[in-house]
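Below you'll find the structure, written out as structure tokens, and then a few comments.
The values are calculated or read from the model by the stated rules, or taken from the named source; none is laboratory data. Everything numeric here is computed off the predicted structure, so don't read it as measured data. Note: ideal-geometry Cβ built from the backbone for every residue, glycine included; neighbour counts use all protein chains shown.
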């Protein structure tokens, strides 16, 4: 696994206008890379993995099949949190509520093959 490569990708996502920080964590809740300021990375990673796990349980209980959610989106008054599931990695993006979520998702999709290659 190339942490340096993941950091470059994290920085490229974070360079989008309105993005405040990006973190990549494992499905098990271990932090990989982060540039989100003022957080406890271990605690935040654990909560991110739990949120994705809970969203999968919800989709299964609603008979949505074996489909895993592509992402979970949280919005507060001024801030958005996007939790994007890519294989065994969760990409967490902290952004201003004014940022168009589709731009963030498109950016993640454009680098997804690179991320998957780096985590092998």
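Some observations on this one:
- Per-region count, region 1-56, residues assigned to a helix (DSSP H, G or I) and closer than 17 Å to residue 110 by Cα: 10
- Against the criterion of being in contact (Cβ under 8 Å) with a residue 24 or more places away in the chain and either farther than 15 Å from residue 29 by Cβ or not in a helix (DSSP H, G or I) (or both), residue 73 qualifies.
- Residue 89 vs. criteria within 13 Å of residue 115 (Cβ to Cβ) and in contact with a helix residue (DSSP H, G or I) (Cβ under 8 Å, 6 or more places away or on another chain): yes
- Boolean, residue 119 is surrounded by 15 or more Cβ atoms within 10 Å (Cβ to Cβ), under 12 Å from the mean Cα position of the chain (by Cα) and within 27 Å of residue 1 (Cα to Cα): no
- On inspection, residue 106 fails the criterion of being over 20 Å from residue 30 (Cα atoms) and in a strand (DSSP E or B).
- Filter result (modelled with pLDDT under 95 and over 21 Å from residue 50 (Cα atoms)) within region 69-101: 77, 78, 97, 98, 99, 100, 101
- Matching residues, region 52-75, being closer than 18 Å to residue 22 by Cβ and surrounded by 16 or more Cβ atoms within 10 Å (Cβ to Cβ): 52, 71, 72
- Scanning region 35-44 for residues that are free of Cβ contacts under 8 Å to residues at least 40 places away in the same chain and surrounded by 15 or more Cβ atoms within 10 Å (Cβ to Cβ) gives 35, 39, 41.
- When the residues of region 76-105 are filtered to those that are within 18 Å of residue 17 (Cβ to Cβ), surrounded by fewer than 20 Cβ atoms within 10 Å (Cβ to Cβ) and free of Cβ contacts under 8 Å to residues at least 24 places away in the same chain, the one that is nearest to the chain's Cα centre (by Cα) is 81.
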